[in-house]
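Colleague: Input: one structure, supplied below.
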Amino acid sequence: MAAVQRLMRASASGGAAAAVARRRVSTALAPEQTPSAAPFPFAVAERARRRPAEERNVQWVFLGCPGVGKGTYASRLSRLLGVPHIATGDLVRDELASSGPLSVQLAEIVNQGKLVSDEIIINLLSKRLTKGEEQGESGFILDGFPRTVKQAEILDGVTDIDMVVNLKLREDVLVEKCLGRRICSQCGKNFNLACIDVKGENGLPPIYMAPLLPPNNCISKLITRADDTEEVVRNRLQIYNDMSQPVEGFYRQQGKLLEFDLPGGIPESWPKLLHVLNLEDQEEMKLATA
């Protein structure tokens, strides 16, 4: 466990792990200053609380198509580094489950496979960051945000982002993976019934992803998300792909973008992700986050 303890100390001392990983993400373009968009009402207060890197934990962003596995890898790294994992999808689902004024509007947007507006997402995120700070949280891994350049500009005006990890996976595999997703209506855990075994062809490598099967006590309680139909999934992927390239370019210009092609499921991808992030002693870390 010594390696994990060293990593935790580095994280607590100001994002040293993020600084090392960021050096692996150098690009041909030098970082450029991007003008911030006009701030939302909360942005001035958030900026006033911006903390120097040496006084906080890592502040990373995870990007990738819906269903690629951002939540899985972001949550594992959040446990490893001791920082909160903040998923905008979870923020939206929490609001949907509430009786708040946005719940009806959000239900219509999500069920149609559309993306939630900048203003709604940023206001939800603002509430979560404020709550976390009040509870003494330091650092974060954002999952699924920002999705537009406007959001990225606003986020830059609010806080400092150390690194952006962009997870990538073939579209045909993504669709199959999304259609296999199930949730236990009782315990709330996520499972996947799809066994993906795609042969390598046309220069593309083979991909194998074993199913994530539920325990016996969850089998009869499995439900499918309302937005996990093939039509909605493909529409959501098309919308995301159209919007993602400018965001990737925004962070690429800043020298913060790390692009990672998933080679398979968790057993194949997790050690390789740790490697590109320059996180050492992978076997110990896998045990620590299992």
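The values are calculated or read from the model by the stated rules, or taken from the named source; none is laboratory data. Given the structure is predicted, the values throughout are model-derived calculations rather than measurements. Counting neighbours? That spans all protein chains shown, and the Cβs are built from the backbone with ideal geometry, glycine included. Areas reflect the complete protein model, heavy atoms only, side chains present, ligands, DNA and RNA absent. Shrake-Rupley method; radii C 1.70, N 1.55, O 1.52, S 1.80 Å.
Colleague: Out of the residues in the stretch 127-148 meeting the condition of being open to solvent by 40 Å² or more (accessible area, probe 1.4 Å) and in a helix (DSSP H, G or I), tell me which one is farthest from Ala87 (Cα to Cα).
Modeller: Checked the stretch 127-148; the qualifying residue farthest from Ala87 (Cα to Cα) is Glu134.
Colleague: Arg76 is checked against (1) without any contact (Cβ under 8 Å) to a residue 60 or more places away in the chain; (2) part of a helix (DSSP H, G or I) and fails just one. What number does that condition carry?
Modeller: (1)
Colleague: Within the stretch 60-83, can you find the residues that are farther than 22 Å from Tyr240 by Cα and open to solvent by less than 20 Å² (accessible area, probe 1.4 Å)?
Modeller: Passing the criteria: Leu77, Ser78, Leu80, Leu81, Val83.
Colleague: Let me ask something else about it. Under 7 Å by Cβ, and 6 or more places apart or on different chains, what pairs join a residue from the stretch 204-230 that is over 12 Å from Gly180 (Cα atoms) with one that is small (Gly, Ala, Ser) and surrounded by fewer than 12 Cβ atoms within 10 Å (Cβ to Cβ)?
Modeller: Pro206/Gly200; Lys221/Ser185
Colleague: Conditions: (1) touching a helix residue (DSSP H, G or I) at 6+ places or on another chain (Cβ under 6 Å); (2) over 24 Å from Phe250 (Cβ atoms); (3) open to solvent by 30 Å² or more (accessible area, probe 1.4 Å). Arg93 meets all but one. Number of the miss?
Modeller: Condition not satisfied by Arg93: (1).
Colleague: Working carefully through the options Tyr240, Tyr251, find the one that is open to solvent by less than 40 Å² (accessible area, probe 1.4 Å), part of a helix (DSSP H, G or I) and at pLDDT 90 or above.
Modeller: Answer to the selection: Tyr251.
Colleague: Just one of Glu119, Glu108 is part of a helix (DSSP H, G or I), surrounded by fewer than 16 Cβ atoms within 10 Å (Cβ to Cβ) and free of Cβ contacts under 8 Å to residues at least 12 places away in the same chain; which is it?
Modeller: Glu108
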